[in-house]
Each structure stands twice: as structure tokens, then as C-alpha cells.
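Structure, as C-alpha cells:
Laboratory data are not the source of any read-out in this text; all were calculated from the coordinates shown. Being a predicted model, the structure only gives us computed values, none of them experimental. Note that we place each Cβ from the backbone using ideal geometry, even for glycine, and neighbour counts take in every protein chain shown.
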Amino acid sequence: MAASVSPLSSRSLLSLAFWGFWKSPGTRWLSLVFVILLAVASFSGYKTYQRRLSVIEQAATLAQTNRTLQVASLKGIEDPEAALGRPVTKQERGRARIQRMIATLPTSLAYSGGNFNALLTPSPMMILSSGVSDLWPDRFTITAHSQRKNLQREDIASPWQLEAGVWDVTTLVVYLLPLVIVAFTYNVLADDRERGTLALMLSNPIRLDHWVLANLLVRSLSAIVLVLPFALIPVCLAYGSDQFQTVATSSLLWALLVAVYGLFWMTVSLFVVSLGRSSLNNGIVLVVFWFVLVAVVPNSVAEFSQARQPVMSQQELITSERAFREKAERDGKALKERYYQQHPEVKRPSHEQDQYNQTHWDVVRLETDRQTQPLIRKSLAQVNARYGIHQWGMAGSPALACKLAFDDLSGTSVGQHVEFCLRASEFDEEFKTFFQPRMMSREELTLEDYDQMPAFQHQTLAFERDATMQGTALLVLLLWTLVVGTVGYRRIQRRAHTA
Amino acid sequence: MSDPVLQACDLTKTYGSFTALDNLNISIDAGEIFCLLGANGAGKTTTINLFLNFISPTSGQALVNGKDVTRHPLATKTELAYIPETVNLYGHLTGLENLQFFTALAGLRELSRNDLLQLLERVQLPQTAIDRRMGAYSKGMRQKVAIAIAIAKQPKALLLDEPTSGLDPSAANEFSQLLESLRDDGAAILMATHDLFRAKEVGTRLGIMRAGELIDTVNASDIDHQDLEQLYLQHMRS
């Protein structure tokens, strides 16, 4: 035995701290439970993503097929197999017949669903963060009906989610990762003092502050490392697609945010450990910190934003729309006359062309829509303003900063859904600007009209964002980490050698 | 003559108006066992804690191999080993794992499993206990693991705080033998104890403390058990 006693290098200190931690009772069990929870949440996120993607793709395919059949009909191609260039089922033949019938009729085409959609394609990142995607719509069928009916979907909110809350990897990271770090670190130093091993330990050439830091770092990183592999799931799914680079960057940012968030909680533990209390006291104080930072502050921000920026309810919108509609129905005749006066370019249809007085109902809907539209925009602006308050609240809560940044990365934030609704609203307006004159004149549609028809581009808002939200969240997290970490480290540094 | 390994120069520790240690001056050479005797609160543990730099002196110096422990805390600890009154190790680790952990903490990471087993053999830890969790160890067995840790460090100075308290006579005897072997290896040993018999058996010099002061020092070879007891009681009564 030729070895001699010497102070440990940082690497040796970290490796020894890890060895000791990994041998501690409960460490492996807690890690395993956490990983199982993350795996379950990932699987659930994956299933939701696949389901949503499938619905969006089906809607897009149906619209495309209908369009092909309609254009083919105008070109005189009656056989659906010739139009689509593939064998068709009996059911498809029936649908093709309907498309041929409505292909030239603007009113029928505009009122029938499935031809025009506003679709929000999900990003694979939503596997990690479902955000508000279960509460906000990701597809609208755009028709000649009122915009409120098109854009206000009451059937979106998942009863399960409303009952049980969101269950995704992000929720586990924001709420549970800090608790795992607390469970791993609450007894650093205190445990050695309580066991009576601290004196024997400090009779060796190590500094107490270095030992505490090494333990906190190793234990926090162990918790963080359990989460990081899950960031690879969206990357694997996007591999080989056009989205790969964006998804890879988003995953990297997601992992970075998780790491910094975990390190923030390490500094909270450092601060509490530096107070020099018992394991039990440390545990209680850390859970209080967790409760305040993860639950109280974000909920206070939500309450404040609700009080500061009320949002119009759907009930109010429906009531208003009904009132507008009743008035428009009363004034229908005058409104129709005014329409033709204000639009001399629109040819008034003959009695034969409009034998059921369809133009009357069209003009009523047009007027109802004209009056309801500002309310819809106002409602969306109110939601956006409330979201803005939440973004300010990021400064006061690292948990909120992380949650908002994660949702934004996944394209499932409130802001992104509001943006999608606004784009759908614009598309609805564009659609009506195109169809209204043709409906009011009841002239048949031509191939030229089909060329000019508006189309909603498939959007995946997660791919359009910049990194402002993530940058802000990182800044907030780093500032909190720096402040809490400095205070904690200074306190523990004063006791570098004392047992 | 070589410099003393452990040296206290006017070492004083006060807590407010209470003086825990008053102007202590001692020198302990290599191969010497200095036993500090005294009642509870006499300042024995304070002296050891000052040498370990667990507490800072109010005045004076504690030196290990000529280096002030407050100025060179890490350097002096490379030359020290310590065995507390109650040896508490990690109950969820085995004896071997505890030895591995504490020797690694001392920077002895290159010790092989064989080296560690030899150390446990030297302190006569039963073979069956080596891979058993520490929670099931008796006080004597825990003490042996602590001595193995101390031996592994090959210290120039060894600090012992009431090491035989609570040990049965056989375990205490084995402990004394190990202590003598460490002394023979050239370590300077400072032992705080209530056990006059054990102090006389293993000690080279004996210091009697009362109320923070070292009031008497005798060579162990110059006094027999009975006289030591008389002297001790006399000092305690006065």
C-alpha cells in the first residue's frame, strides 16, 4: 500500500458523491418510479399526437379529394377512378356523385363541410407538452355559416383533462422534477450530522462547502438526467422529415431548459441546506418552497390575470350573435336591397335562379357575421392580453417560465392557439369575400373560380416561432439560480471546515 | 531532536465568558501517546476539535508538523487521522464499503479490494462481518472499521476522543494493541479518555486537565496505577 492521503480533485469528489448517493436507500426506487411516470406520460403524449395528426391528415386528404373530384367534374371527367387516378370504393363513388352535383353551385359548395378547413398540424414536440391543445381547437371547417359557428367549438375540451388535469412530460418536469430533486437533496449535510459521520468525514482533507456542493450537484444532475432522454422521442419521430432540424433544435432547447430548471432547484436546496437545520426541517422548508414557487405563485398570476383581464364568455358571444341574427332576419329584405345597391357588380339572380329566396338567408348570415366578427376578435384579443400578463408573471416563477416556454416550443401554448384562431378567422373572411358575391348572384362556378379559391395553408405554429419565449425563460431561470445560489453558497462557504 | 508532530501553543478557546480551554501548551513527538485525562467539560474534546480545525481557537495555535491548522486546514488533515468517541458509519453500507468510502474521501482511491481486506484483517474484523451491513455491527466492530480507516491513512498524528468508552474489556484490549502498533509505526497520538487504566497501559505521557487547564503532566513509566488514581483524584478534589 503505497498510497498517500491527499485532497480530492473535483472529479474524484463528484464521483465519490455519486457513489455514496447511488448506494443510499431509496435512490434507485425513486428514480425508477419517476422514469416510469415519465414513460407513461410520453406514451400518452405519443398517442395523442398520433390521433391528432391522423384527424388533421384525414381532413386535409378529404378536402383535397373533394377538390380533385369537383375540378374533374368541371373538366367533364365523370368517372371518379379516372379523376383520382386510383380505384375507389362504393362509398367514395357516392361521395363523388355529390361532389359532381355541387361543383358548380356556389351556395351548395360554400355550405357543405369538408371542402375548406383551417388545420393546425401538430408538432412531434407536443408529445412532451400538450399545453392547452386539449382545450383549444386544432381544426375548423370553414363554411358559409357564421364565423362564430365556424370558430367556436364547444366540443373541444377533454372532459378527462378537465377532471384530471394535464398529464404530460412537461407537467411532470414542472411539478415533479423539483420534488424528486428535493427528495434527493433535502438531507445533504443534515444526514451526516444526524448520523454522526460528519466529524469523521471532515477529519479528511476535504472542504465542507465543496462536499455539500458536490453532493447537491450529483443528486440534482441524477434527477435531471432521468428526464433528458425523453427529449429524443420527438427527434426520433421527426427523423427523415422536413421538420427534423426544427424539432431537433426545439428538443435541444427543451433539454437545456430542463437542465437549468433542475439546477435552479439545486440552488434552492443549497440555500435550505445552508440554514444548517435537521433533515426533517430541511424537507419541510423545501416542500414549502416547492408549494409556493410551483403552485401558489403561478396560480396567483392566473388569478391576477383573470381579475385584470376578463375574457368574454362563449355564452355572451352566442347571445350577442342571436340578437344580431334576429335583427338581421327582421331587416332581411332591406339588407338584401342594400347589398345589391352597394355591390352593383353583383348580378341580381332571376326568380328561377333564386326560387327559394336563398339570397335572403345569405344576406342575413352575412350581416350577422359582419356584426359578430369584431366580438370574436375582441374575445381573442382579451385571451391574448391575459396570456401577456402570464408572460410577465414568468419573472416571478421559474415554474411558470418553464411551463410557458415548453408549451411554446411544442406549439401548444395559449398564444399559439389564439394565433391559429386569428388566422382561421382571416381565412373565414377571405372565404366569404370570395363566395358571397357568387352566392348572391347564384351564377355557376367555373374552372377559373376554382383557381382563385382561397386556401388555408397547413400550419404548424411550433415551427414558426422565434426563441423569444425560451430566451426569456432561460434568463429568468438563470437569474433566479444565480441569486438563490449565491446566497446559499456564501452561507455554506462560511462553514468550510467546521463540523 | 525532531520537531513535535502535534503542538499546542497557548491554545485558548472561549465561548463568551466561559473558557473551554485555557492556554494549553503541549508537544507530542512521533511514536508517543499522550493521554489527556479529566472529568467531563475539562477541555479534552475541545483540544481535539481545535487540532481538527472543527472549531477556531480564540487565541494561540494548534500545529500539526509545524503547520497551523487554521491556516493550512487541508494540508494538516492529510497528516491526521481521527477516531471519535462513538464511531458512526453508514448503516446501509457494508464494513468494506464504509472503508472504501472513507479511504476514498482521504484521497486513497487507488486502494484495491485486497488492500482494503488486508486492513480489515489487520484490525481483526471477523471475516463474516466484512460484507454485512454496518447497521448490524457492534460498537467494537465499528471501532475496528474506524481504526482500519485510520491505519489506511498512515497518519503522522492520530486524535482519539474517548475511544474505549463503551467497549467490553476484550475489545478495549484489542484496541490498545492496535494503538500500540500505530505508535510503533511512528504516529504521534493524542488520546482523550476517562479510562485511567487504559491510559496508563498505552500512554507515554499523561496530562490531567481540569476546567480547561492542563494542571499536571506525568510520564506513564514513572507512575503506577494506584498512584495515578490518587494523583487524579487529588487534582479533581482540589
**Complete:** FRET efficiency for A:Leu32 and A:Val287 from the Cβ-Cβ distance with R0 = 22 Å, rounded to 0.05, comes out at 0.50
**Asked** What's the local net charge at B:Gly31, with K and R +1, D and E -1, over the other residues with C-beta under 13 Å away?
**Response** -2
**Item:** Extension gain (nm, one decimal) between A:Lys47 and A:Gln493, 0.36 nm per residue minus Cα-Cα
**Value:** 155.7 nm
**Request:** Among B:Pro169, B:Pro73, B:Pro57, determine the one that fluctuates most according to a GNM of chain B built with springs between C-alpha atoms less than 10 Å apart.
**Result:** B:Pro169
**Prompt:** Calculated from DSSP H runs of 4 or more alone, at -39500 (n - 2.57) each and per residue, what is the 222 nm mean residue ellipticity of chain B, nearest 500?
**Reply:** -10500 deg cm²/dmol
**Item:** Hypothetical label at B:Asp185: residues of the range B:75-103 whose amide nitrogen lies under 11 Å (7 Å Cα-Cβ projection)
**Value:** B:81
**Asked** Once Rh for chain B is found with the Kirkwood sum over Cα pairs, what is the Stokes-Einstein diffusion coefficient at 37 °C and 0.692 mPa s, in µm²/s?
**Response** 180 µm²/s
**Request:** Would you please state which residues of the range A:192-231 a label at B:Ala75 would reach in this model, taking the label point 7 Å out along Cα→Cβ and a backbone N cut-off of under 20 Å?
**Result:** A:203-208
**Prompt:** Over all residues in B:147-159, what is the mean tally of Cβ atoms on other chains that come within 10 Å of each residue's Cβ?
**Reply:** 2
**Item:** Two-site label geometry, A:Tyr450 and A:Tyr239: point separation in nm, points 7 Å out along Cα→Cβ
**Value:** 4.2 nm
**Item:** the protein assembly as shown - Debye-derived log10 I(q)/I(0), Cα point model, q = 0.05, 0.12 Å⁻¹
**Value:** -0.45, -1.24
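Please give me the summed charge of the neighbours of A:Gln382: other residues whose Cβ is under 12 Å from its Cβ, Lys and Arg +1, Asp and Glu -1.
With Lys, Arg at +1 and Asp, Glu at -1, the neighbours total +3.
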**Request:** Go ahead and estimate [θ] at 222 nm for chain A from helices alone: -39,500 (n - 2.57) per DSSP H run with n ≥ 4, summed, over the residue count, rounded to 500.
**Result:** -22000 deg cm²/dmol
**Request:** Work from the charge dipole of the range A:1-133 (Cβ charges, +1 for Lys and Arg, -1 for Asp and Glu, about the Cα centre) and give the residue of A:Leu37, A:Thr61, A:Asn115 farthest towards its positive end.
**Result:** A:Leu37
**Asked** Can you give the charge dipole size of the range A:405-450 about its Cα centre, rounded to the nearest 20 debye, using +1 on the beta carbon of Lys and Arg and -1 on the beta carbon of Asp and Glu?
**Response** 140 debye
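On average, how many beta carbons from a partner chain sit within 10 Å of the beta carbon of a residue in B:113-120?
1
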**Message:** Run the simple label-point estimate for B:Thr128 and A:Ser10 please: 7 Å along Cα→C-beta, distance reported in nm.
**Reply:** 4.8 nm
**Prompt:** Within the range B:142-185, which trypsin sites (Lys or Arg not before Pro) sit in a loop by DSSP and count at most 12 neighbouring Cβ atoms inside 10 Å?
**Reply:** none
**Message:** Sort B:Lys200, A:Lys333 by Cβ crowding within 10 Å, fewest neighbours at the top.
**Reply:** A:Lys333, B:Lys200
**Request:** Work out how much length A:Leu135 to A:Glu430 would gain on full extension: take 0.36 nm times their residue separation and subtract the Cα-Cα distance, in nm to one decimal.
**Result:** 103.6 nm
**Message:** Quick check on the range A:206-338: take the gyration tensor over C-alpha atoms, sort the square-rooted eigenvalues as a ≥ b ≥ c, and tell me if it's rounded (a/c under 1.5), prolate or oblate.
**Reply:** oblate
**Prompt:** For the charge dipole of chain B, defined by +1 on Lys and Arg C-beta atoms and -1 on Asp and Glu C-beta atoms about the Cα centroid, which residue among B:Leu206, B:Val123, B:Phe34 has the Cα displaced farthest towards the positive pole?
**Reply:** B:Val123
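Rounding to the nearest 20 debye, state how big the charge dipole of the protein assembly as shown is about its Cα centre with +1 on each Lys and Arg Cβ and -1 on each Asp and Glu Cβ. Don't skip to the end; give the middle numbers.
On the way: 69 positive and 71 negative charges, 277 e Å.
Charge dipole of the protein assembly as shown: 1320 debye, to the nearest 20.
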**Prompt:** Along each of its three principal axes, how wide is the spread of alpha-carbon positions in the range B:104-203, in whole angstrom units, largest first?
**Reply:** 38, 30, 19
**Charge context of B:Leu89, other residues only, Cβ under 15 angstrom, K/R +1, D/E -1** = +2
**Item:** Average partner coverage of B:47-57, which counts Cβ from other chains inside 10 Å
**Value:** 3
**Request:** State the Kirkwood hydrodynamic radius of the range A:262-318 in Å, one decimal place, computed from all pairs of distinct Cα atoms.
**Result:** 13.9 Å
**Item:** Alpha-carbon gyration tensor eigenvalues x 5, square-rooted, for the range B:1-78, Å
**Value:** 20, 15, 10
